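Shown next, in structure tokens, is the structure this report addresses.
Every read-out reported here was derived from the displayed coordinates using simple, explicitly stated rules and does not represent laboratory data. These numbers come from a predicted model, not from an experiment. In this analysis, Cβ positions are derived from the backbone assuming ideal geometry, glycine residues included, and neighbour counts consider all displayed protein chains.
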Amino acid sequence: MITVVESSFLASASALSQTPPPKNSEVVFIGRSNVGKSTLINLIVDSKGLAKSSSTPGKTQLINYFETIWKRGEERIPLWLVDLPGFGYAKVSKEMRKDWGEKLIHFLQERRSIKLFVQLIDARHPDLAIDAEAWAMIGAIKRGDQKAIRVFTKMDKLNRNDQKKLQQRYPDACFTAMLGKEGIDSVRERVLKDVLGEEA
Ligand SMILES: Nc1nc2c(ncn2[C@@H]2O[C@H](COP(=O)(O)OP(=O)(O)OP(=O)(O)O)[C@@H](O)[C@H]2O)c(=O)[nH]1
Ligand SMILES: [Mg+2]
């Protein structure tokens, strides 16, 4: 079993130039505003208030770093989890969205300590163009020592049949539902395997 035994806030940054000097492997959480990035981070570390989650889209405005220690058997593995502002938030101006999009790509491309990109997708809307573009962007910038996974959130909003269909369509993805904390163990397992470069 994998547990996260320590987690704390490390730093906030509004651009790559302000990010803390790389020290540990990093896992970044990417996705549309309100998809559940902050919620997923809190579930992974099993601490409700670590990453600020909110029903108001656009809550996370900065790149937020969290320091964590994962435990698997006798191993203790330090990891930095990175909560990113969501993209595609309709209420900010086009200018700002473009500016943030460019900053985000710059950050993702240049931050070498990123070992894993986790893209979150709302299970109710698996076919949005903006998500497909983000996934393609990740694929284009990803280096050989980096991995990417998709996590479909809000599975509790689908009926059993639609859940099954989505799981069959994306056999490599993870699936979570906030209520009941379903899927979190498998997300932790997958994250650790990918970060450590172990085969699935
Ligand atoms: N039903 C359900 N609601 C969820 C789930 N995950 C997140 N939510 C809700 O979705 C809303 C947004 O969650 P956040 O975690 O703040 O989303 P975010 O992606 O961090 O949003 P930004 O910071 O604005 O980019 C909150 O009201 C959460 O309670 C889930 O699995 N199921
Ligand atoms: Mg957030």
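Mind listing the phi-derived Karplus ³J(HN,Hα) values for the range 66-79, rounded to whole Hz, using 6.51, -1.76 and 1.60 with θ = phi - 60°, and x for any glycine or proline?
3J(HN,Hα) across the range 66-79, in whole Hz: 10, 8, 9, 10, 9, 10, 9, x, 8, 6, 10, 10, x, 9.
Rounded, prolate or oblate: which one fits the range 1-55, using the alpha carbon gyration tensor with axes a ≥ b ≥ c (rounded when a/c is under 1.5, else prolate when a/b beats b/c, else oblate)?
Note, shape of the range 1-55 comes out oblate.
Using a 10 angstrom Cβ neighbour count of at most 14 plus a DSSP loop assignment to flag exposed GluC sites (Glu not before Pro), which longest range of the chain is free of such sites?
75-197
Hey, what did the range 2-196 get for relative contact order, percent, Cα under 8 Å, at least 6 apart?
This gives 24 percent for the range 2-196.
Under a 5 Å amide H to amide H cut-off, with H placed in plane at 1.01 Å, what residues pair with Phe175 once short-range neighbours are removed?
Placed amide hydrogens put Phe152 under 5 Å from Phe175.
Going by a ≥ b ≥ c, the root eigenvalues of the Cα gyration tensor, does the range 105-152 fall in the rounded group (a/c under 1.5), the prolate group (a/b larger than b/c) or the oblate group?
Verdict is prolate for the range 105-152.
Please compute the Kirkwood hydrodynamic radius of the chain from all pairs of different C-alpha atoms, in Å with one decimal.
Computed over the chain, the radius equals 17.1 Å.
Given Lys142/Lys165; Lys37/Lys98; Lys37/Lys157; Lys48/Lys157; Lys98/Lys157, which pairs have Cα atoms separated by over 24 Å?
In this structure, Lys142/Lys165; Lys98/Lys157 exceed 24 Å between Cα atoms.
As an exercise, identify the trypsin sites (Lys or Arg not before Pro) in the range 78-168 lying in DSSP coil whose Cβ has no more than 14 other Cβ atoms within 10 Å.
Qualifying residues, ordered by number: Lys91, Arg112, Arg124, Arg143.
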